[in-house]
Amino acid sequence: MKKIVLIISLILCAAILLSGCVPARGISLSDYESLRIGMSHSRAMEIVGDYATRTSEMGTGQFRVIMYSVRGSGFGAVAFLTFSGSPLALFSKSQANLR
């Protein structure tokens, strides 16, 4: 369990650091707010588009989990999305510095 937390923490830190190295284009705060827990994976991907990068995938079937970092517009702006289950649905979301 500690190993998984460490890996997730490293992925999140890398995503935050790298988010400042990209152009100031990405999802907005209103895009992020339109993402709802329980929303289907396909619908959420329509909203975030090409700004999402798959950072991790583990498990199978109802225990499948996929995590994404999503570039936001602005310096250091990023969102994190976690999908789980079968079919995949948005399980959690968080963001920093979205406008």
Based on other C-beta atoms within 10 Å, arrange 69, 30 from fewest to most. 30, 69
Cut-off is 10 Å between beta-carbons; in what order do 82, 55 appear when sorted fewest neighbours first? 82, 55
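No value in this document is a laboratory result; all are computed from the given coordinates. Owing to the predicted nature of the structure, the values given are computational and were not obtained by experimental measurement. Glycine gets a Cβ as well: all are built from the backbone with ideal geometry, and neighbour counts include every protein chain shown.
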